[in-house]
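These notes concern the structure reproduced below.
Every read-out reported here was derived from the displayed coordinates using simple, explicitly stated rules and does not represent laboratory data. The shown structure was predicted, so the numbers you read here are calculated from the model rather than taken from an experiment. Cβ placement follows ideal geometry from the backbone for every residue including glycine, while neighbour counts extend to all protein chains displayed.
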Amino acid sequence: MQTKNVIQLVTFDLDGTMLDDEWAHAEANRRIGERLGVDHTRLGKLTGYSVRLRWQELCRQAELSVDIEELADEHFQITLDLLREAGTAEAPGLTETLSMLKADGYLLAVAFSSDEPFVRAVVELLRLTSYVDFFLTKNQVEKLKPSPEIYLTACRLANVSVSQAVGIEDSDPGCLALRRAGMYSIGFTNGGKNRQQLADADARISSMRDLLPLLEKLQRP
């Protein structure tokens, strides 16, 4: 897909993109799985999908009747507590990149398929809230990634067309959501740590510092 208009909106996924927090989610999965008596490692097959969807599917397979909302709340609280205790840092170069994007006049959004309080708490933990123009979360949409709804909603709120927006994602469902929305999709490989195929990405970057040079290329006629 080629962008024909000036890029105005840049959206960021959260987990695995703005920070490396998969270890915290994995530990939350382990603790909850141990409490429920289920094999939490099977959740790995659904990487990139929402916490609720992943646990709902695992509990269905295990024939467990649980309150998914309470389970999701437990997962987010454990994850957030772990991130706070560890003082988890942002993806290298993220603050610098966001600062330059804002200086260049871009609108910035976080688009992530989790509860808004959790998303805002993590971004606040990273001290990046001041850079974000708006948040798109589970609370603003009915269908989550790989549905394109979250990205179409972002473009509508920013009052831009999909050809004027790009998204950075680290997961296959996220890149698929961007493609379905008609946005330019940038796959984040996180220096080779990301094992997702990112087949639907239009381009890939290994570091946040690679983002600005890529955007400069997209802005050229």
Arg204-Glu216 pseudo-label distance in nm [points 7 Å out on the Cα-to-Cβ vector]: 2.3
Exposed trypsin sites (Lys or Arg not before Pro) absent: longest stretch of the chain, with sites in DSSP loops and at most 15 other Cβ within 10 Å deemed exposed: 5-126
Computed lengthening from Leu36 to Glu96, 0.36 nm per intervening residue step minus Cα-Cα distance: 17.4 nm
Contour excess over end-to-end distance, with Cα ends at Arg84 and Glu116 and 0.36 nm allotted per residue: 9.8 nm
Extended-chain gain in nm, criterion 0.36 nm per residue less alpha-carbon gap, Glu27 and Ile68: 13.0 nm
Principal axis dimensions, the chain - Cα atoms, whole angstrom, descending: 57, 33, 31
Over the chain: helical MRE at 222 nm, DSSP H runs n ≥ 4 each giving -39500 (n - 2.57), nearest 500: -13000 deg cm²/dmol
The chain - share of DSSP beta bridges that are antiparallel (%, nearest 5): 5
Label-point separation, Asn139 to Val6 (7 Å along Cα→Cβ), nm: 3.3
Computed over the chain: relative contact order in percent, which uses C-alpha pairs under 8 Å that are six or more apart: 27
The chain - charge dipole about Cα centre, Lys and Arg +1 at Cβ, Asp and Glu -1, debye rounded to 20: 760
